[in-house]
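No lab work stands behind these numbers, since they all come straight from the coordinates. Keep in mind that this is a model prediction, so the values were computed, not measured. Cβ coordinates were reconstructed from backbone atoms using ideal geometry, including for glycine residues, and neighbour counts include every protein chain displayed.
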Amino acid sequence: MEGGFEAWGWLSLLALQSGFQPLMTSTFASSMVISSAAVIVQEGVLKVIFGMQAVLFFTKSGGEIVRNWSLKKSIATAGIPAMLYAVQNLLTIIAMNKIDGLTYNILNQSKLIWNAVFVYIFLEEKFRPAQIASLGIIIFTTLLVSTDPTKFDEQTTTDDEIQSRLVGIGLTLVAGGKSRVALT
């Protein structure tokens, strides 16, 4: 099986990232982080640096790509998706400060649901009954986790905490939808 080892390596890294994300978020993305500044650093600096390195070092025609690059063509090609991703990342950072890591990771899987909705709307694809049942299961489990009654214990939870959690849930779902719109 060609590429199997590489695929398992990437899959393992993705699993580690998903597992460590809640810990890393709670440690480094405290409520004192200015969300817009974090998004600007991530979108504006790191992605440009890593993107340029990838073009220059991993493509045969990296120099030619850089010479033929223009701001006008880049904005026309990637402007709207880039803005959508920037808004998505801002919403994600705010949401991560309002809900726990497990809830965020499970709600973030709503991208699958959004993907199916937008494929249906934009590409007019029909779904088989098994696909619809699978989406229903994902929606049901997402609702179960995000509305966990132990997180809304009336004696220990204030209205502000409940409102903050609901805002975090909503922002996560909206961010998931925005990422799928940017793909289409």
Item to check | Paramagnetic label zone (point 7 Å from Cα along Cα-to-C-beta, residue 11; backbone N under 19 Å) in the range 121-140 | outcome: none
Checklist entry - About the Cα centre of the range 49-146, what is the dipole size in debye to 20, counting +1 per Lys and Arg Cβ and -1 per Asp and Glu Cβ, all else neutral? => result 260 debye
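At a Förster radius of 25 Å, what calculated FRET efficiency corresponds to the Cβ-Cβ distance of residue 20 and residue 112, to the nearest 0.05?
Details: r = 22 Å, r/R0 = 0.87.
It comes to 0.70.
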Checklist entry - Given 0.36 nm per residue, what is the gain on full extension from residue 73 to residue 164 after removing their alpha carbon distance, in nm? => result 28.7 nm
